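Below is one structure; the comments refer to it alone.
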Amino acid sequence: MELTPSDRILCTSQTFLERMPAGESCYWMPAAVDFPGIDGTFVDGKGDVFVLQAAITGDHSDPEDGLQRAWAAMSNSEERRWHFVFVGIDKVEADALLDVFGPRMRGLKLGGNPIDVWGCALNMY
């Protein structure tokens with residue numbers, strides 16, 4: 001899968017998700033803790049939404065509720081392909097998050113459609 005980066009970085013309320021037109025490309029971070037376990041999203045403008053959980057401290061909450069809330073809030077959510085990405089400081093951390101939350105998240109459906117679940121390592125060292 002090839003991602004096209006966006007130069008729009010937004011830290012706004014849920015209202016932005018509710019009004020986001022199809023084809024919009026941006027990074028979005030919730031301005032308030034209304035989406036438990038969710039640190040942000042990347043919307044690629046091609047119909048893909050990547051919901052992110054960045055766990056660089058080794059501890060993070062279950063993201064299922066936050067993912068459900070983001071899906072319910074986003075306009076045209078049924079027409080988009082949803083992905084969940086666990087971001088760890090390294091491969092060990094990303095794999096640990098996938099081990100803990102991945103099996104249930106892989107079985108989750110949004111609007112009747114399954115989501116893809118990914119792990120991503122920052123490799124800062």
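Tell me which residues, restricted to the range 95-125, are open to solvent by 70 Å² or more (accessible area, probe 1.4 Å) and within 27 Å of Phe16 (Cβ to Cβ). Those that are open to solvent by 70 Å² or more (accessible area, probe 1.4 Å) and within 27 Å of Phe16 (Cβ to Cβ): Lys109, Asn113, Pro114, Asp116, Trp118, Leu122.
Restricting to the range 71-94, name every residue that is in a helix (DSSP H, G or I) and loosely packed, with under 15 Cβ neighbours inside 10 Å. Outline the logic, then answer.
In the first step, residues of the range 71-94 are kept if they are in a helix (DSSP H, G or I); the result is 71-73, 77-79, 91-94.
If the condition is that a residue be in a helix (DSSP H, G or I) and loosely packed, with under 15 Cβ neighbours inside 10 Å, then Ala72, Glu78, Glu79, Lys91, Val92 are the ones that fit.
Counting only residues that are among the charged types (D, E, K, R) and within 15 Å of Arg80 (Cβ to Cβ), which one in the range 14-58 is farthest from the chain's Cα centre (by Cα)? If we take residues in the range 14-58 being among the charged types (D, E, K, R) and within 15 Å of Arg80 (Cβ to Cβ), then Arg19 is farthest from the chain's Cα centre (by Cα).
Looking at the range 5-18, I want the residues that are within 14 Å of Phe50 (Cα to Cα) and have a partner that is assigned to a helix (DSSP H, G or I) and modelled with pLDDT of 85 or more with Cβ atoms under 6 Å, at least 6 apart or on another chain. Which pairs are those? Taking only residues 6 or more apart or on different chains, the pairs are Leu17/Ala73.
The values are calculated or read from the model by the stated rules, or taken from the named source; none is laboratory data. Here the structure is a predicted model, which is why all the values come from computation and not from measurement. Cβ atoms come from the backbone with ideal geometry, glycine included; neighbour counts cover every protein chain shown. Calculation scope for accessible area: heavy atoms of the full protein, side chains included, ligands and nucleic acids excluded. Shrake-Rupley method; radii C 1.70, N 1.55, O 1.52, S 1.80 Å.
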